[in-house]
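What follows is a short report on a single structure.
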């Protein structure tokens, strides 16, 4: 190796270690130390593999597992993760030389004319013959752009971070799917509870109509009491039909979430139970680590930071290296021989002198995208804090509302019993009984809905804190070469 070659390669090695400073982040938001309503949630020490197992509901567990395995939206999200990983790997290829080969054969035919001395009388003065030139070539070419300033390295890092963001979006899709399924499930169970209440009320009102009809036939009451009883019976039947219709719609929504046909899917009647878990909200800093949308926004911000560095390297020169060797000759049998061997090495530096401000504009645009990504990240953090506070507030007021409704149901039952006794004793008219029974029915149905809201409130809190409270189901880093995406909610990544 000559001294010039040594100096040139040394320069490449030294400059390849050059590194740009990353752009500064905008002013960050203040991190709260605790939640306003965190005192309402008891610490839950139970550790589960999947968050929905905390409800101890076998039917819900089965539906959640089917949804993860068969939901088409999740399939699409997994495919997007694979695509992003492959695209990042394709970007990494710019860090390596490009080696190509282009074997070829070329044959040139041309007519050659030359003059002939007049030795023989009457002979032609010119002679034309066909000249055939054959050339076989087997080249191997190497092209390489030295990554002096880290342009390709930063580009690969940006693509990898973007793939991480796509993977975080997969986590978000899974969290949205599982929490939406749980919310629909408990809404359906609330409808089952209301159906039981309405069927019991309809049975009671049918008996009341029969008794009042007998008393009317005996001449003890007027027919107005009978008609009022029939009106209340028909109202209850209409309300039952409406609840059953709503249940059917929610059942169809569940079928879609688990990737099943609504025409073939049914869920058995299952009223609400009494067990209600309490999920700890943790502290705000933990939420930032758990929520997939925060992770996605942060990865996009880091990716845009690398894109700024890529845009900055465009101001600097680029060095291209080209090398070739191979064999070339007119005879195929003698092509692979020392006489037919050739080789070539070339290097050149490219520097843009004037481009009308294109590079500078691209750099400023990358800075603007970085600032936009930073704003989106901080906004998503604020949204996360709001989601947790909203969930905690809902849980607090649902608890208070249920306590008030429990007292209301007891009072309504007592009012109904007293009005019924007074009517049977002839001390009041049937309208008082109707009003008392109507109040009792409404309070019982409302209580059933609030009980469902309590479950849904816990699910909302789980979604707000990122789907876990025991640091289960998240990985801080994944192998960038790993393309197959398993269930992200599993404890093993």
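Computed from the coordinates by the stated procedures, all read-outs in this text should not be read as laboratory data. Being a predicted model, the structure only gives us computed values, none of them experimental. Note that each Cβ is placed from the backbone with ideal geometry, even for glycine, and that neighbours are counted across all protein chains shown.
Order by neighbour count: 149, 51, fewest other Cβ atoms within 10 Å first, most last. Walk me through the intermediate numbers first.
Details: 149 22, 51 26.
With the fewest neighbours first, 149, 51 line up as 149, 51.
Obtain the nm distance between the two label points defined at residue 342 and residue 176 by a simple spin-label model: each point lies 7 Å from its Cα along the Cα-to-C-beta direction.
Result for the modelled spin labels: 6.0 nm.
Ratio of alpha-carbon Rg to the 2.2 N^0.38 Å globular estimate for the range 174-297, to two decimals, please. Don't jump to the answer; show the numbers that get you there.
Values: Rg = 22.9 Å, N = 124, 2.2 N^0.38 = 13.7 Å.
For the range 174-297, the normalised Cα radius of gyration comes out at 1.67.
Which FRET efficiency value, to the nearest 0.05, is calculated for residue 87 and residue 369 with the Förster distance at 25 angstrom and r the Cβ-Cβ distance?
Values: r = 18 Å, r/R0 = 0.73.
That pair, residue 87 with residue 369, gives E of 0.85.
Return a whole-number percent for the relative contact order of the range 276-416, with Cα pairs under 8 Å and 6 or more residues apart as the contact set.
Values: 92 pairs, mean separation 42.1, N = 141.
Averaging sequence separation for qualifying contacts and normalising by length gives 30 percent for the range 276-416.
Taking the Cβ of each residue in 274, 101, 137 as the centre, tally the other Cβ atoms inside 10 Å and list the residues starting with the fewest. If you can, show how the numbers build up before the last one.
Working: 274 5, 101 10, 137 16.
Going from least to most buried by this count: 274, 101, 137.
Give the residues of the range 434-465 whose amide nitrogen is closer than 17 Å to a point set 7 Å from the Cα of residue 414 in the direction of its Cβ.
Within reach of a label on residue 414, which here means backbone N under 17 Å from a point 7 Å along Cα→Cβ, the range 434-465 contributes 436-437, 439-441, 443-444.
Starting with the highest mean, order 153-160, 404-411 by the number of other Cβ atoms within 10 Å, averaged over the residues of each peptide. Working shown, then result.
Values: 153-160: 21.6, 404-411: 14.5.
The packing order, highest mean first, is 153-160, 404-411.
Provide 393, 443 in ascending order of the number of other Cβ atoms located within 10 Å of each residue's Cβ, fewest first.
Working: 393 15, 443 20.
Least crowded to most crowded, the residues run 393, 443.
Over all Cα pairs of the range 346-470, how is the pair count split among 5 Å bins, expressed in % and running from 0 up to the last occupied bin?
For the range 346-470, the binned pair fractions read 2, 9, 10, 9, 8, 7, 7, 6, 6, 5, 5, 5, 4, 3, 3, 2, 2, 2, 1, 1, 1, 0, 0 percent.
With each pseudo-label sitting 7 Å past Cα toward Cβ, what's the residue 102-residue 386 distance in nm, one decimal?
Label at residue 102, label at residue 386, 5.8 nm between them.
Can you tell me what the convex hull of the Cα atoms of the range 137-224 projects to on average, as an area in nm²?
Result: a mean projected hull area of 15.1 nm².
At 0.36 nm per residue, minus the direct Cα-Cα distance, what do residue 435 and residue 242 gain on full extension? Give it in nm, one decimal, please. Walk me through the intermediate numbers first.
Values: separation 193, 0.36 × 193 = 69.48 nm, distance 2.12 nm.
Here the answer is 67.4 nm.
Order these peptides, 422-429, 224-231, 344-351, 172-179, by their mean beta-carbon neighbour count within 10 angstrom, highest first.
Working: 422-429: 13.1, 224-231: 17.1, 344-351: 10.2, 172-179: 21.2.
Top of the packing list down: 172-179, 224-231, 422-429, 344-351.
Taking 0.36 nm per residue of separation and subtracting the Cα-Cα distance, what length does fully extending residue 133 through residue 213 add?
Working: separation 80, 0.36 × 80 = 28.80 nm, distance 11.80 nm.
Length gained between residue 133 and residue 213: 17.0 nm.
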